[in-house]
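S.K.: Have a look at the structure that comes next, please.
The values are calculated or read from the model by the stated rules, or taken from the named source; none is laboratory data. Every value quoted in this text rests on a predicted model; they were computed, and no experiment measured them. Quick reminder, even Gly has a Cβ in these numbers, built from the backbone with ideal geometry, and neighbours come from all protein chains shown. When the accessible area is computed, the model is the full protein with side chains, heavy atoms only, and any ligands, DNA or RNA have been set aside. Shrake-Rupley method; radii C 1.70, N 1.55, O 1.52, S 1.80 Å.
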Amino acid sequence: MKRCLILFWVTLLAACAHRATTSPPQTGATPGQHDGATAPRRAWWKEVVVYQVYPRSFKDSDGDGVGDLKGITSQLDYIKNLGVDVVWLNPVYQSPNDDNGYDISDYRAIMREMGSMADFDAMLQGMHQRGIKLIMDLVVNHSSDEHRWFQQSRRGRDNRYRGYYHWWPAEKGTPPKRWSYFDEDANAWRYDSTTHAYYLHYFSRKQPDLNWENRRLRHEVYDLMRFWFDKGVDGFRMDVIPFISKDTTFPPLPAEYGGNYPAYYAKGPHLHEYLREMNREVLRKYNVMTVGEGAGVTTDDALKFVGDDRQELQTFFQFEIVERWGRRQGDFMYPDSSNRDLPALKDVFTRWDSVFANSGWGTVFLGNHDQSRMVSRFGNDTPRYRNASAKMLHTLLLTMRATPYIYNGDEIGMANIRFSDIRDYRDLMTINYYKRLEREGGDLREFLAAQAEVSRDNSRTPIQWSADSNAGFTRGVPWIRVNPDYRTVNVAAAVRDTSSVLHYFRRMVELRKSEPVLVYGRYQLLDRENPEVFAYTRSLNGRTLMVALNFGSGVGHTSLPSGYKAGRILINNMGIAPVRVASLVLEPYQAFVLELKKE
Ligand code: GLC
């Protein structure tokens with residue numbers, strides 16, 4: 001049995017005032033009829049494909065073993081050739097790197113290891129010259145404990161910055177339990193003797209939570225957002241944004257949450273008030289895109305964040321999909337292949353699509369820096385099926401009615417490294433939990449077996465550029481081990497091989513860009529109960545495409561929807577035609593997009 005921790009986890013001055021983010025910039029007329037209903041309004045951020053760059057592991061230019069901004073700039077032609085429109089860059093701000101940049105000590109400076117502000121400006125200019133937009137990470141639920149604000153705040157109870165953080169005076173006794181994701185004791189309160197008080201940290205001890213109830217703090221955040229927008233940045237991905245508002249009386253966790261802290265953290269009393277204020281103060285003044293990390297957000301409250309009438313955010317990431325195919329137990333998620341239920345997964349996609357049927361807009365992703373590798377988790381990374389299943393998953397990502405996010409390395413089918421030794425891990429989450437288990441006499445073997453499958457470090461290994469030493473990532477010692485499979489799985493080899501995942505991914509991006517039906521068309525699930533094949537149609541203006549994806553290592557069967565006959569196959573991840581009369585036969589992990597014609 002395996003086990004793991006649960007986690008989840010966008011030239012020049014663009015200050016010219018454009019339309020608000022939640023009344024989206026219109027890039028044209030509505031695409032037309034949507035099978036009886038009006039199709040969603042067009043907006044550029046609905047039509048883009050986003051590529052996530054994890055800067056620490058992307059490309060090192062100076063030999064210190066850590067990826068950097070000059071490294072990214074050196075690979076901009078590669079990114080451009082993928083066909084993607086937007087880069088989401090994980091944090092590159094000054095940070096002591098307790099949590100790889102998610103602990104920021106200066107929001108207006110570049111992390112030493114990543115380079116300088118001049119390097120940043122050159123990278124952004126290089127992107128814009130190529131028509132690529134940049135969205136940055138906005139991490140404002142918490143700062144680093146090394147941020148000037150916190151250094152001041154902890155000095156004295158009457159300090160000017162005291163109210164920027166959440167403090168609980170120790171004379172009131174021990175504060176009510178709050179759970180921490182990364183703390184060695186899972187305790188979100190940390191005692192600080194200087195002022196005889198506890199401070200709140202939902203994440204690590206070095207990530208104190210900012211107090212959004214404080215008006216001055218909120219306006220500091222709006223100022224720093226303007227700083228980056230005025231530099232020309234095209235949007236923000238907002239880290240754990242649903243957690244910003246807190247009930248500062250810190251009552252015991254209400255019983256209805258049944259111990260589910262993230263769900264409670266995502267429902268603070270003034271959350272939507274603050275998001276509307278942020279929109280009014282900043283977002284609506286720029287033509288930018290926003291995507292919130294929707295930790296704890298469910299289908300029930302989704303539209304509160306992104307409804308067309310809300311003036312809050314444009315989109316967010318939901319975690320229901322990536323939390324599938326495992327088994328939750330308390331604070332933990334156990335990967336469990338017996339729980340691999342395709343109809344249930346289809347239901348999640350279908351339910352989330354329907355939430356945005358008349359308002360709002362979705363996102364889709366299968367991997368990021370907080371998840372294990374997509375091909376290892378949802379596909380099959382054994383040599384026989386790795387390429388086919390990676391292509392199949394890209395077909396899914398690029399045919400949903402939602403903005404697709406592709407995590408760097410997935411375009412070449414990078415897989416989990418599966419460390420077996422705790423000394424190989426770099427993620428504080430894995431390391432701190434290991435320490436806790438060790439102290440409590442827990443089952444360390446079982447824990448390591450599970451981490452091999454689900455640890456965040458699986459997706460954080462260096463991008464495999466070539467078969468050269470360290471996969472061409474660095475000429476120094478990489479900060480985390482390179483996956484030994486780089487000798488065969490690397491960008492240079494993928495570029496040479498026209499049947500590679502990389503070539504398929506580019507064709508798939510081109511297909512999405514040439515077919516408005518794949519962006520805006522109505523989604524309809526087919527053959528729900530089919531345990532191996534995920535099939536659906538997308539329809540717009542009388543054009544209907546069918547997507548079929550075999551998630552299994554056996555032959556799969558499905559059929560055309562009634563009233564339709566097969567037209568052209570627009571893309572197929574195999575040389576074998578799937579159509580045999582009215583029924584469709586799919587090879588293991590086969591995926592295709594087919595035109596349908598009315599009979
Ligand atoms: C988000 C980030 C994750 C980080 C955490 C704390 O979930 O994606 O990487 O550790 O927030 O900032």
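S.K.: Run down the lysines and flag those whose C-alpha is under 30 Å from the C-alpha of LYS267, throwing out any fewer than 8 positions away in its chain.
M.R.: LYS46, LYS172, LYS177, LYS206, LYS246, LYS285, LYS304, LYS346
S.K.: With a 1.4 Å probe and all protein chains left in place, how much of the accessible area of the chain comes from carbon and sulfur atoms, in whole percent? Write out the running numbers ahead of the final one.
M.R.: Working: 10290 of 21620 Å².
That fraction is 48 percent.
S.K.: Karplus couplings for the range 547-553 from phi (6.51 cos²θ - 1.76 cosθ + 1.60, θ = phi - 60°), rounded to Hz, Gly and Pro as x?
M.R.: Here the 3J(HN,Hα) series is 10, 10, 10, 8, 7, x, 8 Hz.
S.K.: So, one more: For TYR198, enumerate residues with amide H under 5 Å from its amide H, sequence gap 5+ or separate chain, H modeled in the peptide plane.
M.R.: When sequence neighbours closer than 5 places are left aside, the close amide H contacts are TRP168, ALA170, ASP192.
S.K.: Over the range 432-567, what is the relative contact order in whole percent, taking alpha-carbon pairs under 8 Å and six or more residues apart? Write out the running numbers ahead of the final one.
M.R.: Working: 135 pairs, mean separation 15.3, N = 136.
About 11 percent, as a whole number.
S.K.: Next question. How much accessible area per residue does the chain have, in Å², with a 1.4 Å probe? Intermediate results must be reported in sequence, preceding the final value.
M.R.: On the way: 21620 Å² over 599 residues.
For the chain, the solvent-accessible area averages 36 Å² per residue.
S.K.: In addition: Highest mean first, what order results for 305-314, 258-267 on Cβ atoms within 10 Å?
M.R.: Details: 305-314: 20.8, 258-267: 17.6.
For the peptides 305-314, 258-267, the packing ranking is 305-314, 258-267.
S.K.: Further, regarding this structure: Any idea how far apart ARG351 and ASN260 come out in nm if each label point goes 7 Å out from Cα toward Cβ?
M.R.: Reported label-point gap for ARG351 and ASN260 is 1.0 nm.
S.K.: So how strong a dipole does the range 507-556 carry about its Cα centre when Lys and Arg Cβ are +1 and Asp and Glu Cβ are -1, to the nearest 20 debye?
M.R.: Dipole magnitude for the range 507-556 comes out near 280 debye.
S.K.: What does the charge add up to near PRO254, with Lys and Arg as +1, Asp and Glu as -1, over the other residues with Cβ less than 14 Å from its Cβ?
M.R.: Its environment carries a net charge of +2.
S.K.: Over the residues of the range 137-186, compute the C-alpha Rg and express it relative to 2.2 N^0.38 Å. Display every interim value, and only then the final one.
M.R.: Values: Rg = 12.7 Å, N = 50, 2.2 N^0.38 = 9.7 Å.
Against the empirical 2.2 N^0.38 Å value, I get 1.30 for the range 137-186.
S.K.: Add +1 for every Lys or Arg and -1 for every Asp or Glu among the other residues with Cβ under 13 Å from the Cβ of ASP421, and state the total.
M.R.: Working: positive: ARG418, ARG423, ARG426, ARG445, ARG481; negative: ASP424, ASP457.
Result for the local shell: +3.
S.K.: Kirkwood-based Rg over Rh for the range 199-242 (C-alpha set), two decimals?
M.R.: Result: Rg/Rh = 1.03.
S.K.: A further question follows. Please compute one quarter of the surface area of the Cα convex hull for the range 349-478 and express it in square nanometres.
M.R.: 10.4
S.K.: Size of the dipole of the range 485-581 about the Cα centre, Lys and Arg at +1 and Asp and Glu at -1 on the beta carbon, nothing else charged, in debye to 20?
M.R.: Using Cβ point charges on Lys, Arg, Asp and Glu, the range 485-581 gives about 360 debye.
S.K.: Averaging over every viewing direction, what projected area does the convex hull of the Cα atoms of the chain cover, in nm²?
M.R.: Reported value for the Cα convex hull: 25.9 nm².
S.K.: Then there is this: So if I place +1 on the C-beta of Lys and Arg and -1 on the C-beta of Asp and Glu, and nothing else carries charge, what would the dipole magnitude of the chain be about its Cα centre? I want it in debye, nearest 20. Let's see the in-between values first.
M.R.: Working: 78 positive and 73 negative charges, 207 e Å.
It works out to roughly 1000 debye.
S.K.: R0 = 56 Å: FRET efficiency of HIS270 with HIS503, Cβ-based, nearest 0.05?
M.R.: So the FRET efficiency works out to roughly 0.70.
S.K.: So for the chain: antiparallel DSSP bridges make up what percent, rounded to the nearest 5?
M.R.: Restricted to the chain, the bridges split so that about 70 percent are antiparallel.
S.K.: Relative to the present Cα-Cα distance, how much length would full extension add between SER116 and SER553 at 0.36 nm per residue of separation?
M.R.: Values: separation 437, 0.36 × 437 = 157.32 nm, distance 4.80 nm.
Full-extension gain reported as 152.5 nm.
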